[in-house]
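The structure under discussion appears below in the form of structure tokens.
The values are calculated or read from the model by the stated rules, or taken from the named source; none is laboratory data. Note that the structure is predicted; figures quoted are calculated from it, not measured. Cβ: placed from backbone, ideal geometry, glycine included. Neighbour counts: every protein chain shown. Note: accessible area is taken over every heavy atom of the protein model, side chains too, but ligands, DNA and RNA are not part of it. Shrake-Rupley method; radii C 1.70, N 1.55, O 1.52, S 1.80 Å.
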Amino acid sequence: VLASLPLQMMLYFNVYYFPVWCLAEGMMLQLKYHLLPQHYQFLLAAAFLILSLAEGCRLYLGYVGNLQEK
């Protein structure tokens with residue numbers, strides 16, 4: 001059983017586009033943060049943090065799983 005080349009290519013490009021997405025999302029968050037009510041500020045910051053951590057874990061596990069054929 002070989003590693004999936006299309007999956008590896010998607011993971012490779014996603015690793016390079018993820019910091020761009022993170023930077024753009026962080027800039028948009030900074031621009032509109034003070035305009036939102038406090039509970040929305042908390043929810044938006046929490047969602048950004050959770051999505052960033054989940055994406056990082058997903059990319060790492062995808063690389064490890066695909067390259068080790070798990």
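Report yes if some residue within region 47-63 is touching a Lys or Arg at 6+ places or on another chain (Cβ under 8 Å) and open to solvent by less than 100 Å² (accessible area, probe 1.4 Å); otherwise report no. Looking for residues that are touching a Lys or Arg at 6+ places or on another chain (Cβ under 8 Å) and open to solvent by less than 100 Å² (accessible area, probe 1.4 Å), one finds none in region 47-63, hence no. Within the set GLN30, GLN41, the sole residue that is in a helix (DSSP H, G or I) and open to solvent by 100 Å² or more (accessible area, probe 1.4 Å) turns out to be GLN30.
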